[in-house]
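Note sheet for the following structure.
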Amino acid sequence: MKFLTTNFVKCAIKTCDSSIDAFPLQYTECELVQQEQDYNPEFIVHMLERIQWDALISVARDLGNDGLPANKPEGLDAIIEDDQAILKDLHTLLLETHIVNGKMTCKHCNHVYHIKNSIPNFLLPPHLA
Amino acid sequence: MLPTPKFSNLDFDKVYEPAEDTFLLLDCFEGQIQYLNTQFGPGSTPVITEIGTGSGVVTTFVCQHVFPYGIVLSTDINPHACLAFMDTVTENSIVNPTVDTLQMSLTSGIRPNAIDVLIFNPPYVPAEEVPQIPESLQDSKWLDLALSGGEDGMEVTWILLHQLDHILSKKVGIAYILFCARNKPEEVANYMRQQGWIVDVVIHRKAGWEVLSILRFKRNES
Ligand SMILES: C[S@@+](CC[C@H](N)C(=O)[O-])C[C@H]1O[C@@H](n2cnc3c(N)ncnc32)[C@H](O)[C@@H]1O
Ligand SMILES: [Zn+2]
């Protein structure tokens, strides 16, 4: 599972839907792997529009990365050198960092979900589904 | 006609084998390229989710030909399908950097109002009931979930339709869902229109003794 995907997944339990604590999940015991991807700065710029920045910071922190700016960088331009550095960092973090194994915990209900062989599993036992 | 993605190493005792319904979806998306490009603009990065990817052929096709830069989060309830999906993506050397597969029911683990384009070829065959989810990976019954759709073959699809407003993004939000005639797609379309959706039949075809159709559900912005 790519780091980017952590920005889109939440607790699957219905009663957690209305809680702001159900997203993002908390990541622990994660095994990370870097996998090279073609770098496309335009794409990162577009993708940023879809990102919830606070959640990104929170998950990055869970995984030991404190280096993200506090606010979402706006109006990045792939031609400007300073912006290039930010875009390249985001590329490495969001697209090249994979969580191969690990745990995701809902901060509202404490349910634990597992990531195994890069596939996160959100299936619930029958009494919670 | 655009080529069908490759899928050569899959075990069809565990994962739904691409069939007429699958190929109807491919033809559907071949025909929707222009429409979707005008909805989102070329080079855009909409969030795309196929529920129940099975072999992964449909998602792969969409990555290759419709949204090379989409953020793709596809789901299946069947763990073997999630693995098959990864094989198919690799076999077709998909370069889209954001394709992931997630094991879940429908979109239950994806945050609300995040999905721009939703695709679902559901278990649509009328059956006594929707099968229970097997407890272990080794269980031989995972494939049953691909077909049996309970009453009218609509039990799983209705759950999704009732959540559609909560699932699709507020901005655009388009869902493509496949039906067979026994699902009574006209009745479904009328009901959803009453709920304020714009519903169109984008393609239909006789496949053996089935008539399959794909309906497009879109938010009514006005
Ligand atoms: C008719 S098959 C379609 C497979 C593939 N999309 C295709 O077109 O060839 C239905 C798929 O939906 C999956 N499925 C059934 N119920 C589901 C649910 N509640 N959530 C997610 N996937 C589900 C099945 O495991 C199966 O892979
Ligand atoms: Zn929860």
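The values are calculated or read from the model by the stated rules, or taken from the named source; none is laboratory data. Quick caveat: nothing in here was measured; it's all calculated off a predicted structure. Ideal geometry is used to build each Cβ from the backbone, glycine not excepted, and the neighbour counts take in all protein chains shown. Areas reflect the complete protein model, heavy atoms only, side chains present, ligands, DNA and RNA absent. Shrake-Rupley method; radii C 1.70, N 1.55, O 1.52, S 1.80 Å.
Couple of notes before you dig in:
- Among the residues making up region B:114-133, those that are more than 14 Å from chain A (Cβ to nearest Cβ), touching a Leu at 6+ places or on another chain (Cβ under 9 Å) and farther than 15 Å from B:VAL58 by Cα are B:PRO123, B:TYR124, B:VAL125, B:ALA127.
- Checking the stated criteria, A:PHE43 turns out not to satisfy the condition of being under 23 Å from B:GLN103 (Cβ atoms), without any contact (Cβ under 8 Å) to a residue 60 or more places away in the chain and out of contact with any Leu (no Cβ under 7 Å at 6 or more places or on another chain).
- Any hit, region A:7-25, residues being more than 10 Å from every other protein chain (Cβ to nearest Cβ) and under 20 Å from B:ASP100 (Cα atoms): no
- For region B:14-47, residues that are outside any helix (DSSP H, G or I) and within 13 Å of ligand 1 (Cβ to nearest atom) total 6.
- Only one entry in B:CYS28, B:CYS63 is touching a residue at least 12 places away in the same chain (Cβ under 8 Å) and farther than 22 Å from A:LEU95 by Cα, namely B:CYS28.
- In region B:98-113, the condition of being more than 13 Å from ligand 1 (Cβ to nearest atom), farther than 20 Å from B:GLY54 by Cα, within 14 Å of another protein chain (Cβ to nearest Cβ) and open to solvent by less than 10 Å² (accessible area, probe 1.4 Å) is met by no residue.
To keep it simple, each residue is scored yes or no on (1) open to solvent by 40 Å² or more (accessible area, probe 1.4 Å); (2) within 13 Å of chain B (Cβ to nearest Cβ); (3) under 12 Å from the mean Cα position of the chain (by Cα).
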position	(1), (2), (3)
A:GLU42	yes, yes, no
A:LYS72	yes, no, no
A:ASP77	yes, no, no
A:ASP83	no, no, no
A:ILE119	no, yes, no
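- Hits in region B:82-97 (condition: free of Cβ contacts under 8 Å to residues at least 40 places away in the same chain and either away from chain A (no Cβ under 11 Å) or on the phi > 0 side of the Ramachandran plot (or both)): B:VAL89, B:THR90, B:SER93, B:ILE94
- Being buried (at least 21 other Cβ atoms within 10 Å of the Cβ) and assigned to a helix (DSSP H, G or I) is a property that B:LEU10 lacks.
- The conditions of being of a type outside the set (Asp, Glu), over 23 Å from A:PHE3 (Cβ atoms) and open to solvent by 20 Å² or more (accessible area, probe 1.4 Å) are met by B:ASN121.
- Count - residues of region B:151-179 that are more than 20 Å from A:ASP17 (Cα to Cα), part of a helix (DSSP H, G or I) and of a type outside the set (Val, Ile, Thr): 4
- Residues of region A:96-129 that are modelled with pLDDT under 95, hydrophobic (A, V, I, L, M, F, W, C) and away from ligand 2 (no atom under 11 Å from the Cβ): A:ALA129 alone.
- For region B:53-69, the tally of residues that are surrounded by fewer than 24 Cβ atoms within 10 Å (Cβ to Cβ) and part of a loop (DSSP other than H, G, I, E, B) stands at 4.
- Single unsatisfied condition, B:ARG182 versus (1) open to solvent by less than 30 Å² (accessible area, probe 1.4 Å); (2) part of a helix (DSSP H, G or I): (1)
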